[in-house]
Amino acid sequence: MQSQLNKPLLVYDADCGFCRYWVKRWQHVTVDRINYAPYQDIASDFPDLPISAFEKSVKLILENGEILSGAEAVLRALNNRFFLWFYYNLPGFAPLSEIVYRFVAQNRTFFSAVTRLLWGTYSE
């Protein structure tokens, strides 16, 4: 399937309420530039990636087959040029972003509650 992508694919965990919440928000930002799919539906299309890799962080699979993970995947999907510049050019920003991403990912239940407290529930 990797060679068949005509636009980037953001792969997320459909069992994670935090992930589903943010994917819904991001879909409105990225409009039709990005496709989204839960890893539970498409993991078998990417046999080189173990399930544990999908469980660990979001993946952004680019049209050329390159696979980005974690904070880098989110920033590239959202195409925020300001934060992307920092990510790729400011020493220390990328590792710090990945540390923060991992911390949030490891505490999704807590951050899901914080997200809903700050932004409310998300409905389309």
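The values are calculated or read from the model by the stated rules, or taken from the named source; none is laboratory data. Note that the coordinates shown come from a computational prediction; the quantities given were computed from them, not determined experimentally. All Cβ positions, even for glycine, are placed from backbone atoms using ideal geometry, and neighbour counts span all protein chains on display. Calculation scope for accessible area: heavy atoms of the full protein, side chains included, ligands and nucleic acids excluded. Shrake-Rupley method; radii C 1.70, N 1.55, O 1.52, S 1.80 Å.
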(Q) Restricting to the range 39-66, count the residues that are under 16 Å from residue 6 (Cα atoms) and in contact with an Asp or Glu (Cβ under 9 Å, 6 or more places away or on another chain). (A) 1
Q. Given the structure, is residue 55 part of a helix (DSSP H, G or I), among the acidic types (Asp, Glu) and either modelled with pLDDT of 95 or more or over 23 Å from residue 119 (Cβ atoms) (or both)?
A. yes
Q: Name, by its number, the condition in (1) under 23 Å from residue 21 (Cα atoms); (2) crowded, with 16+ Cβ neighbours inside 10 Å that does not hold for residue 86.
A: (1)
Q. What pairs come up if the first residue lies in the range 74-103 and is touching a residue at least 40 places away in the same chain (Cβ under 8 Å) and under 19 Å from residue 31 (Cα atoms), the second is open to solvent by 50 Å² or more (accessible area, probe 1.4 Å) and assigned to a helix (DSSP H, G or I), and their beta carbons are under 7 Å apart, counting only those six or more places apart or on different chains?
A. 78/29
Q.
Within the range 89-124, take every residue that is of a type in the set (Phe, Trp, Tyr) and at pLDDT 95 or above and give me the one that is most open to solvent (accessible area, probe 1.4 Å).
A. 103
Q: Please work out if residue 53 is open to solvent by less than 40 Å² (accessible area, probe 1.4 Å), under 14 Å from the mean Cα position of the chain (by Cα), within 28 Å of residue 121 (Cβ to Cβ) and of a type in the set (A, V, I, L, M, F, W, C).
A: no
**Q.** Count of residues meeting criterion [open to solvent by 40 Å² or more (accessible area, probe 1.4 Å) and touching a strand residue (DSSP E or B) at 6+ places or on another chain (Cβ under 9 Å)] in the range 73-83
**A.** 1
